[in-house]
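Trainee: Okay, here's the structure, questions in a sec.
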Amino acid sequence: AWLPGAPAPWASLPEAARGRLSVAQVVGAVLPGEPPFPTVPAGWRLAAVLVALFEEAGQARVVLTRRSDRLRSHRGEVSFPGGQVEPGEALAAAACREAREEIGLAPETVTLVGHLDPLATVSSRRVLVPVVGVLPGRPEARRNPAEVARVFDVALVDLLADGVFHEERWPARAGWPEGLRPRGDDGRSAHYPVWFFDVAGETVWGATARVLVDLLGRSLGLGSPTGQTG
């Protein structure tokens, strides 16, 4: 029952504006400082993911993983390194700890530069906080096969190329925490947007695509197309 969605938020930008995104541009666009703890509804869990960036040939690249088919949730989906925040643990520390456990990324190689808006994943009842960090170069990933099937990276400009992004409108669902609804879902709409990127032989969607759209929108000076409010 899904419907075709809107064009990419950056579709109207000229090609020249979509041809280069440096790490410095991205860092200047994200929310600065340590992320604050969001409100987590009763019965939900708090998670943090690491949006790890590095630069090659003047282009910002982001590290992604494909989750193992043996995991209990989100099997085989593309995600950022990350996971559940432990009691008393800072959000950035949790994201870096999970990145070390999943892909062998040493926390001391990550320069934390900011964060993005939190978002909700209704299917797993989690509030997810994206933490943004910069790496000195391409990481030598050592994946944990119990959790990660593949580690790869993509240039952010590759996500902006024609034909990579598309939006679908899915029937509205109940359960979004107040202040964390996706753009276009006010609790009364018949449909809400779901975003997809087809890149590097993978289909990126769900919460990972929402984080990437937020990151790209801010980096291109479009604001936060995700419309998250808290």
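Trainee: How many residues does region 7-36 contain that are among the aliphatic types (A, V, I, L, M), surrounded by 15 or more Cβ atoms within 10 Å (Cβ to Cβ) and assigned to a helix (DSSP H, G or I)?
Mentor: The number of residues fulfilling the criteria is 3.
Trainee: Scan region 173-186 and tell me whether some residue there is buried (at least 20 other Cβ atoms within 10 Å of the Cβ) and among the hydrophobic types (A, V, I, L, M, F, W, C).
Mentor: Yes, there is a match, as at least one residue in region 173-186 is buried (at least 20 other Cβ atoms within 10 Å of the Cβ) and among the hydrophobic types (A, V, I, L, M, F, W, C).
Trainee: Any residue in region 128-141 that's farther than 24 Å from Arg210 by Cβ: show its pairings with residues that are open to solvent by less than 10 Å² (accessible area, probe 1.4 Å) at Cβ separation under 8 Å, as long as the two are six or more apart or on different chains.
Mentor: Qualifying pairs under 8 Å: Pro136/Phe54; Gly137/Phe54; Arg138/Phe54.
Trainee: Restricting the search to region 105-127, which residues are without any contact (Cβ under 8 Å) to a residue 40 or more places away in the chain and either in contact with a helix residue (DSSP H, G or I) (Cβ under 7 Å, 6 or more places away or on another chain) or in a loop (DSSP other than H, G, I, E, B) (or both)? Break it down stepwise before answering.
Mentor: Of the residues in region 105-127, the ones without any contact (Cβ under 8 Å) to a residue 40 or more places away in the chain are 106-109, 111.
Answer for region 105-127, where residues must be without any contact (Cβ under 8 Å) to a residue 40 or more places away in the chain and either in contact with a helix residue (DSSP H, G or I) (Cβ under 7 Å, 6 or more places away or on another chain) or in a loop (DSSP other than H, G, I, E, B) (or both): Ala106, Pro107.
Trainee: Pairs please, first residue from region 87-104 and more than 13 Å from Leu46 (Cα to Cα), second anywhere and of a type in the set (D, E, K, R) and open to solvent by 10 Å² or more (accessible area, probe 1.4 Å), Cβ atoms under 6 Å, 6+ apart in sequence or on different chains.
Mentor: Glu102/Glu147; Ile103/Arg143; Gly104/Arg142
Trainee: Just to check your reading of the model, which residue among Asp153, Asp117, Asp158 is out of contact with any Pro (no Cβ under 6 Å at 6 or more places or on another chain) and open to solvent by 50 Å² or more (accessible area, probe 1.4 Å)?
Mentor: Of the residues listed, the single one that is out of contact with any Pro (no Cβ under 6 Å at 6 or more places or on another chain) and open to solvent by 50 Å² or more (accessible area, probe 1.4 Å) is Asp158.
The values are calculated or read from the model by the stated rules, or taken from the named source; none is laboratory data. Note that this is a predicted model, so its numbers are computed, not measured. Heads up, the Cβs are rebuilt from the backbone with ideal geometry, glycines too, and the neighbour counts pull from every protein chain shown. Accessible surface is based on the protein model in full, side chains and every heavy atom, while ligands, DNA and RNA are left aside. Shrake-Rupley method; radii C 1.70, N 1.55, O 1.52, S 1.80 Å.
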